[in-house]
Amino acid sequence: MFQGQIIHHIAEYIAGRRQTKLEAFDKEAAKRSDADIHALAVERRELELRYEPAAWLTDAAKRAGQISLVTHAAKFTHGDSKSSSIYSEAVAHEGYLSSSALPDLETDAVGNAAVLDVAKFLQSNIGGDSLLACLKRGDHRPFAAFTNDAVQLNEWISGFSRALDTGEPASHKLAKQSYFPVEGGYHLLSPLFATSFVHAFHKKMSTLRFGDDAKAIWKARRERTWHPQPLVLFPELAETHFGGTKPQNISYLNSVRGGRVWLLPAQPPQWKSADTSPVNLRSVFALGGSFDRRASGTVKLLVSLLTRTKNYHNRQIRDAQENYVDALIDLLFVVVSELQREEWQNWTLQNPQLKTHQQLWLDPWRTKTDEVFRQERDKDEWQRSVAEDFALWLNVRLYKALPEVGAVEKREWETRERLRTNLRVFEKIIKEALK
């Protein structure tokens, strides 16, 4: 990172603060018609001097101790909580989605809301760098550019560094608290709101919901045209607010979000399955059947994609086509899992019209009582027939809009790696359950 850019940021930031204050002063001065012009000029000059770089840095360094730069904040639990907040840069890859899973966290600031200008000053991203990062790595050159006095420079560094000191950990009666039993007593656990993690989540969701790409995707949907990117929706989204009309009193990033935090639904899925086994089932791929009906939306999207473009060698078109076909394969196995129920063991005996290879596929528990059936199933030859059934079904669904589909496409559908993988994985799970 070029030091000149950071130095320029310092000068620009202070100049911007000065201009805002001077505009407010001039607006107020215009109302004071009876005021002494000389006195107004003196007041204005004093204001200008307070925003000279060295003077402002001295004042800001003194005020920095009134805020703490943190990643986990206490005030989200209760606005009057005096519990400690925490700054943590821990990075771990444990397979869980948490603040430690993100390599770069945007630091939040808590404390006196009147000093949040200092927090913004330290945190502003300048080409991937920041003054906060400079302080943490001991690089004081950006500040040294504004003074030749070593004592003054040390005062600035010491003052701004106090924002990184969260003090000794302490809980509070308004904090969340859990006493966890350990040998000889208890540990007091005080969960904190992961404000930096929530902000990263908020930015990601804002992009997916309101970004330029999202607007283009919605426009394509309204106009019923194709778009290479999927439309991402967040159903049953909830929203909570922190800080009321003064979100800055909770934290700096909370103020940036307007106090808003989005919550994804966490309730378990509502599993809906038939109470009785199917009767008169001739094929899982029967037109108008459960799978065929549920696949209609994805089939329509695939047809729309293939009929609106003739450039089948385009990488984006090709990838989109493969994604739709993989989605159909995944849906197929969702439907199949609903039929492969242990409590329906031997249900295919009541459906002799069902193709033999599909009986072997859909009724694995029948192998417990039917030795001939088990031997046939263990041969795995039925899997090729299942793949061919899927390919023929998809060709039939595409034929009306794309009469040119035929053997080449059939071969592509029935040899899809996703289909082979799903068959293999599902069979492994079933064989483990049958042991």
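Nothing in this text is a laboratory measurement; each read-out follows from the coordinates by a stated rule. It should be emphasised that the depicted structure is a prediction, and the values quoted were computed from it without experimental measurement. So basically every Cβ, Gly included, is an ideal-geometry build from the backbone, and we count neighbours across all protein chains shown.
Is the chain rounded, prolate or oblate when judged by the Cα gyration tensor, a ≥ b ≥ c being the square roots of its eigenvalues, rounded requiring a/c under 1.5 and prolate requiring a/b larger than b/c? Here the chain falls in the prolate category.
Explain nothing, just compute: Karplus ³J(HN,Hα) = 6.51 cos²θ - 1.76 cosθ + 1.60, θ = phi - 60°, for every residue of the stretch 20-29 in order, whole Hz, x for Gly and Pro. For the stretch 20-29, the Karplus curve yields 4, 5, 5, 4, 5, 5, 4, 5, 6, 5 Hz. In order along the stretch 419-431, the phi-based Karplus estimate (6.51 cos²θ - 1.76 cosθ + 1.60, θ = phi - 60°) of 3J(HN,Hα) comes to 5, 5, 4, 4, 4, 5, 5, 5, 5, 5, 5, 5, 5 Hz; Gly and Pro are listed as x. Computed over neighbours whose Cβ is under 13 Å from that of GLY65, the net charge equals 0, Lys and Arg +1, Asp and Glu -1. In this structure, the amide hydrogen of GLN340, modeled 1.01 Å from its nitrogen in the peptide plane, lies closer than 5 angstrom to no residue at least 5 positions away or on a different chain. In this structure the amide hydrogen of VAL70, modeled in the peptide plane, comes within under 5 Å of the amide hydrogens of ASP108, ALA109, VAL110, none closer than 5 places in sequence on its chain.
The order of the peptides 404-413, 121-130 by mean Cβ neighbours within 10 Å, most packed first, is 121-130, 404-413. Helix 37-50 axis versus longest C-alpha principal axis of the chain: approximately 60°, rounded to the nearest ten. Across the stretch 145-150, computed HN-Hα scalar couplings (Karplus, 6.51 cos²θ - 1.76 cosθ + 1.60, θ = phi - 60°) run 5, 10, 7, 9, 9, 5 Hz from first to last residue, x flagging Gly and Pro. In this structure, the amide hydrogen of SER83, modeled 1.01 Å from its nitrogen in the peptide plane, lies closer than 5 angstrom to no residue at least 5 positions away or on a different chain.
The Cα center of the stretch 387-435 and the Cα center of the stretch 201-235 differ in position by 30 Å.
Strictly over 18 Å apart at the Cα level, which of LYS355/LYS400; LYS176/LYS203; LYS379/LYS428; LYS75/LYS246; LYS379/LYS431 would you flag in this model? Walk me through the intermediate numbers first.
Values: LYS355/LYS400 25 Å; LYS176/LYS203 27 Å; LYS379/LYS428 14 Å; LYS75/LYS246 13 Å; LYS379/LYS431 13 Å.
Table pairs above 18 Å Cα-Cα are LYS355/LYS400; LYS176/LYS203.
Put a plus charge on the Cβ of each Lys and Arg, a minus charge on the Cβ of each Asp and Glu, and nothing anywhere else: the dipole of the stretch 3-175 about its Cα centre is then about 240 debye. Near ASP363, once Lys and Arg are set to +1 and Asp and Glu to -1 for all other residues with Cβ below 15 Å from its Cβ, the sum equals 0. Comparing PRO191, PRO269, PRO247 in a Gaussian network model of the chain (Cα springs below 10 Å), the most mobile by mean-square fluctuation is PRO269.
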